[in-house]
1. Looking at region 31-173, what % of its DSSP beta bridges pair antiparallel, to the nearest 5?
2. Kindly identify region 31-173 as rounded, prolate or oblate by the Cα gyration tensor criterion: order the square roots of the eigenvalues as a ≥ b ≥ c, call it rounded if a/c is under 1.5, otherwise compare a/b with b/c, prolate if a/b is larger, else oblate.
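Just so it is clear, none of the values below were taken in a lab; they were calculated from the coordinates. Quantities reported herein were computed from a predicted structural model and do not represent experimental measurements.
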């Protein structure tokens with residue numbers, strides 16, 4: 001094979017590889033926030049989470065829902081709509097529980113653990129293969145010498161942050 005033909009063949013292969021690479025990357029929109037949202041997905045509906053746990057925390061449902069909405073507002077360009085978004089998140093707080101997490105030699109609780117469990121339903125109307133229903137759980141420990149009432153707000157804030165990250169990653173970061 002002569003030198004000119006080899007040179008042309010290499011240039012053609014390089015051009016083909018470049019075109020294939022750029023064509024393949026244009027299917028999914030990538031961003032610095034780590035999301036991979038299809039370019040034709042423009043809206044999201046984030047419904048208020050139901051509260052079905054036996055133990056009551058009256059503000060947890062609203063706090064969790066608002067934290068999810070805030071995360072999507074900050075990290076995506078999706079428009080939030082009340083009904084029929086291209087994507088939809090709904091769910092329920094299914095458990096809100098306190099248990100001993102560390103016990104002393106005298107069989108006394110040294111630390112307690114507040115655990116919040118939720119069930120999330122995610123619908124992608126444009127790409128239904130991405131739909132899922134999953135359970136997530138988050139917890140925070142606190143000294144048993146403190147009452148739950150004294151530390152509950154801070155613990156819930158910490159747990160909500162963890163849950164929101166997990167929901168965000170599962171829905172639009174594809175982790």
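1. Here the share of antiparallel DSSP bridges comes out near 80 percent.
2. The shape class here is prolate.
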